[in-house]
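Where a number appears in this text, it was derived from the coordinates with a stated rule and is not lab data. Only a predicted model underlies this, so the values are computations on that prediction, with no experimental measurement involved. Don't worry about glycine lacking a Cβ; one is built from the backbone with ideal geometry, like all the others, and counts go over all protein chains shown.
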Amino acid sequence: MLAARLNTFDSGKVAARVGSLILENDDGLGDAALLELIDAAVADELDFVWIQTYAKLQTNLLEYRGMLVEMEGDREKALAQARLASLRYDVRALKSDSDWHQLARLLPFAAPTRFSTDPHISVASAREHKMSLMKSHVENRNGTVALAYSPSEPARPVAFHCASLDEGAVQLYEIAVDPEFRRGFVALNLIRHSLEFFASRFPEIRRVATRIYSDNETSIRFFQYLGLSATGRHLHYYHCWPRKESR
Ligand SMILES: CC(C)(COP(=O)(O)OP(=O)(O)OC[C@H]1O[C@@H](n2cnc3c(N)ncnc32)[C@H](O)[C@@H]1OP(=O)(O)O)[C@@H](O)C(=O)NCCC(=O)NCCS
């Protein structure tokens, strides 16, 4: 029988108890097996379960969230690319609570996530979750979060970026630019800041990686510009809400 294991990376803001299941291959997972999984998850008092698979599941029991592309590249090459752009923006690592409040105002510009597109989860809750996750990247994964400020209005933050270390790579976890300032190299200035941060502290970490929904073509181009390419592991993402079924 399939078993979801308790997964705690989801920070408890969207749900306290999260189950996850990674299917290594698509061996004909049917609705009967999925129903058993959901029943077991409900009995285990999980709030929801997410599933990664390599092939699309034929079921209405779970909600499809899109295909994630895993991208990877060389950190030095990415840094060299980022340095090609002139430094136009004041980029500063977040330190105080007021910095985090400034970042919160930029969250509407972030890419949609499985939570922000889930009708069961409020916008406020999805954003609170994202903030909490970024704080945990800083606290637990040697992460850094930075803001970029407008050159003409120095008090106005126009973009943010979060990166951390995981699985022997610098993970470019999140980057978002106010639409008014896009295509002006803000993102490159931010990436440069974080890659320099990691290059100086963890010179032995040579890889840079990210995960991105396949329909986010703009950012796939952006990461390609940095020299990242798809590693070929295209995962589908599924998400269900067992408690809803049990009501
Ligand atoms: C992806 C994003 C962060 C890029 O920010 P940006 O500041 O506009 O990017 P830059 O100006 O630094 O672009 C650097 C290079 O990336 C590529 N690129 C960026 N945006 C692009 C676009 N819309 N179309 C094609 N290529 C693009 C280009 O090669 C560009 O260099 P060029 O302008 O000389 O051609 C921004 O579009 C954004 O905030 N998107 C929404 C949030 C998101 O999807 N984040 C990524 C997932 S976490």
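Worth a mention:
- Span from the region 115-193 Cα centroid across to the region 59-88 one, whole angstrom: 13
- Rounded to the nearest 20 debye, the dipole size of region 70-184 about its Cα centre is 300 debye, using +1 on the Cβ of Lys and Arg and -1 on the Cβ of Asp and Glu.
- Residue among Gly19, Gly66, Gly168 with the largest mean-square fluctuation in a Gaussian network model of the chain, springs linking Cα atoms under 10 Å: Gly168
- Rounded to the nearest 500, the 222 nm mean residue ellipticity of the chain from helices alone is -9500 deg cm²/dmol, with -39,500 (n - 2.57) taken per DSSP H run of at least 4 residues.
- Using a cutoff of 8 angstrom between alpha carbon atoms and counting only pairs six or more residues apart, the relative contact order for the chain works out to 32 percent.
- Highest-fluctuation residue, Ser20, Ser200, Ser136 considered, GNM on the chain with Cα pairs under 10 Å: Ser200
- Candidate lysines - alpha carbon under 29 Å from Lys13, same-chain residues fewer than 8 apart omitted: Lys56, Lys95, Lys130, Lys135, Lys244
- Where both bridge residues fall in region 5-68, DSSP classifies roughly 40% of the beta bridges as antiparallel.
- Kirkwood-Stokes translational diffusion coefficient of the chain, alpha-carbon pairs, 37 °C, 0.692 mPa s, µm²/s: 171
- Antiparallel %, DSSP beta bridges [both residues in the chain], to 5: 85
- Between Glu196, Glu180, Glu72, the residue with the greatest mean-square fluctuation in the GNM of the chain (Cα pairs under 10 Å linked by springs) is Glu180.
- Principal axes of region 5-68: Cα extent on each, largest first, Å: 31, 27, 19
- Zone residues, region 161-189, relative to Ala155, backbone N less than 20 Å from point 7 Å out along Cα-to-Cβ: 178
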